[in-house]
Amino acid sequence: MQPLKVAAFGTGFFSQYHYDAWSRIAGVELAGICVHSNRDRAEEFAKRYGAAAVFTDPEEMLDRTKPDLVDIITTPESHASIYDEVAARRIPAICQKPLAPSFPEARALAATAGDAGALLVAHENWRFKPWNREARRLIDAGAIGEPYNILFRMRPGDGQGPRAYLDRQPYFQQMPRFLIHETGVHMIDVFRYLFGEMNGVMARLRRLNPVIAGEDSGIVVFSFASGAAGVLDGNRLADFEAENTRLTMGEMILDGSEGSIRLDGAGNLRLRARGKPERLHEYTWENRGYAGDCVYALQRHVVEHLRTGSPVENTAREYLRNIEIEEAIYRSHDEGAWIELPPVAAAKGRGEA
């Protein structure tokens, strides 16, 4: 089998998890890394992760490496200009989220992919966290019966003080929309993956740390088409009991007619059948990479799609629904009102791509 050649853009903080994953996926060759600046860092990454070459010109990298897949790991403002070159060559691509700075720009990006007839997948890795995959398997197996409610308390505790986020992702401080646009959208996707389509939202958002531009705390209530309800309780300043608060980013409870599932900060899942004591649910996952190796899982998922034609999750077109819900959350906060969501054009089951 010929190796699948991957070309990647960007060497920011989170890109290390992408490159580490590419270096470990069997049959993948990292053909090139392209950066706008900081070539020294790119050269160091190339040496560490086995990339064949470093470039500063996107067109040169795409034309010389002729990749089978492109990974865009840059800031949202740069995605459109990079993807225009990728789409012009009809190369399949993965793009980090947020897909773009705004909803109209994200729609334009998805439209570019559609017009080119090229695969574009949103790098939405939280649904690939092993505890979320296992929770979905348990729900599908009937472990909690009819799903009733889902609650996630986001408590990474990394947003305190004047240096909040500066050591990892300093651009977080300047984002006009933060908690929901950058982080909460992950849980919008996870909630939909676990409980199905949403039909309404209501939100109250706050900025607690004055050094940042956007909101860093908030409560969002969701209704699902099934009749179930959800709550996202997010606060980036507060923490919770966990050796590594960024592993799960918080705690989750899923209730149903026959029992419940509880996620703790160590990635443990606990099951409780109706009327019975709670018990630890045994399942296997590896604590490496980012958050249970979910970046590796997502990237391998796309590779398998390209190799075998297996179903692929979170194409850019489908990911627009998450951004539509994000927009409704901000509108709800601004208007102080419950916002009904428009129906999805083609109804699908939980997690279908």
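The values are calculated or read from the model by the stated rules, or taken from the named source; none is laboratory data. As the structure is a prediction and not an experimental result, all values here were calculated from the model. Backbone-built Cβ (ideal geometry, glycine too); neighbour counts: all protein chains shown.
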Would you mind stating whether ALA42 is more than 23 Å from the chain's Cα centre (by Cα), farther than 25 Å from PRO104 by Cα and assigned to a helix (DSSP H, G or I)?
yes
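Quick grid of which residues meet (1) part of a helix (DSSP H, G or I); (2) modelled with pLDDT under 95; (3) out of contact with any strand residue (DSSP E or B) (no Cβ under 8 Å at 6 or more places or on another chain):
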{"residue": "LEU138", "(1), (2), (3)": "yes, no, no"}
{"residue": "ALA143", "(1), (2), (3)": "no, no, no"}
{"residue": "ASN149", "(1), (2), (3)": "no, no, no"}
{"residue": "PRO156", "(1), (2), (3)": "no, no, no"}
{"residue": "GLY161", "(1), (2), (3)": "no, no, yes"}
{"residue": "ASP167", "(1), (2), (3)": "no, yes, yes"}
{"residue": "VAL185", "(1), (2), (3)": "yes, no, yes"}
{"residue": "PHE191", "(1), (2), (3)": "yes, no, no"}
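One line per residue, one yes/no per condition, for (1) among the hydroxyl-bearing types (Ser, Thr, Tyr); (2) closer than 26 Å to TYR319 by Cα; (3) in contact (Cβ under 8 Å) with a residue 60 or more places away in the chain:
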residue: ILE188; (1), (2), (3): no, yes, yes
residue: VAL211; (1), (2), (3): no, no, no
residue: ALA229; (1), (2), (3): no, yes, yes
residue: ASP239; (1), (2), (3): no, no, yes
In segment 207-228, what count of residues is obtained for those that are in contact with a Leu (Cβ under 9 Å, 6 or more places away or on another chain) and assigned to a strand (DSSP E or B)?
7
Among the residues listed as ARG107, ARG48, ARG90, the single one being part of a loop (DSSP other than H, G, I, E, B) and of a type in the set (Lys, Arg):
ARG90
Here's a check for you: in segment 101-141, which residue that is farther than 30 Å from TYR283 by Cβ, of a type in the set (A, V, I, L, M, F, W, C) and touching a residue at least 40 places away in the same chain (Cβ under 8 Å) is surrounded by the fewest Cβ atoms within 10 Å (Cβ to Cβ)?
PHE103
Does segment 190-209 hold any residues that are within 19 Å of the chain's Cα centre (by Cα) and either at negative phi or free of Cβ contacts under 8 Å to residues at least 24 places away in the same chain (or both), and which are they?
VAL190, PHE191, ARG192, TYR193, LEU194, PHE195, GLU197, MET198
